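Enquirer: I'd like to ask some things about the structure below.
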Amino acid sequence: MKEEKELTSPSTSPNLDEEKKSNWQSFWELARFAIIAIAIVIPIRIFIAQPFIVSGSSMDPTFEDGQYLIIDEISYRLDDPERDDVVVFRYPNDTQKFFIKRIIGLPNETVDIKNNVITITNKNHPNGLKLDQSYIENNTNSNTHFELKDGEYFVMGDNRSASSDSRYWGAVPKKLLIGKVFLRLLPINKIDILPGDYKQVE
């Protein structure tokens, strides 16, 4: 006599039910992790920091073409920009474009450039303050006189002879400033916090 074996329907198999339950739990854990990650990353990306890839040579040698930067977007909501900050902003003549430059002149100051010498006139320096440009390697002989209004900034590229900046198209309103450069991530051998940071004692 042949031994009869009891068969269990796949739909009612305890092992299969456990496997389905385990798969569902794994899927839910993954989905929950993704939701949490998105909830954290998106606000940071929009309100705190965002990436920026340098395009062009206007900031050579401080920042070179293709370098990957992280921009601090929150500092200027708490404090005013300072002279020599390296900033990313929307180009005033085409706000779809983003530029990176260094702040030279602050609101309500007068900027005079003559024979490569930059002189700032303000309340603290009515007779003029000559800026130290020791970080500049490639200067150009340009003459400029510019009077800044409230909320306006005069910006220039470190590679003066290859930079389209406030000398040619005017001031940058504060509302167009995205933020200042906080971190250089790429290339790996040039990772740096506050790259290009320079402050002249006034």
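The values are calculated or read from the model by the stated rules, or taken from the named source; none is laboratory data. Values in this document were obtained by computation on a predicted structure and should not be read as measured data. A quick note on method: Cβ atoms are made from the backbone with ideal geometry, for glycine too, and the neighbour counts reach across all protein chains shown.
Enquirer: Looking at Glu64, Glu152, Glu109 in this structure, which one is without any contact (Cβ under 8 Å) to a residue 40 or more places away in the chain and surrounded by 13 or more Cβ atoms within 10 Å (Cβ to Cβ)?
Expert: Every option except Glu64 fails the conditions.
Enquirer: Right, something else. Tyr198 fails exactly one of the following numbered conditions: (1) in contact with a strand residue (DSSP E or B) (Cβ under 7 Å, 6 or more places away or on another chain); (2) not assigned by TED's automatic domain parsing to the domain that holds Leu69. What is the number of that condition?
Expert: Just one mismatch for Tyr198, condition (1).
Enquirer: Still on this structure, I have one more. Quick check on my filter: what residues within the stretch 151-165 are in contact with a helix residue (DSSP H, G or I) (Cβ under 9 Å, 6 or more places away or on another chain) and of a type in the set (Asp, Glu)?
Expert: Glu152
Enquirer: Still on this model: Working only within the stretch 125-141, note down all residues that are over 24 Å from Pro107 (Cα atoms) and acidic (Asp, Glu).
Expert: Scanning the stretch 125-141 gives a single hit, Glu137.
Enquirer: Here's a follow-up. Does the stretch 118-127 hold any residues that are surrounded by 13 or more Cβ atoms within 10 Å (Cβ to Cβ) and either free of Cβ contacts under 8 Å to residues at least 40 places away in the same chain or of a type in the set (Val, Ile, Thr) (or both), and which are they?
Expert: Ile118, Thr119, Ile120, Thr121, Asn122
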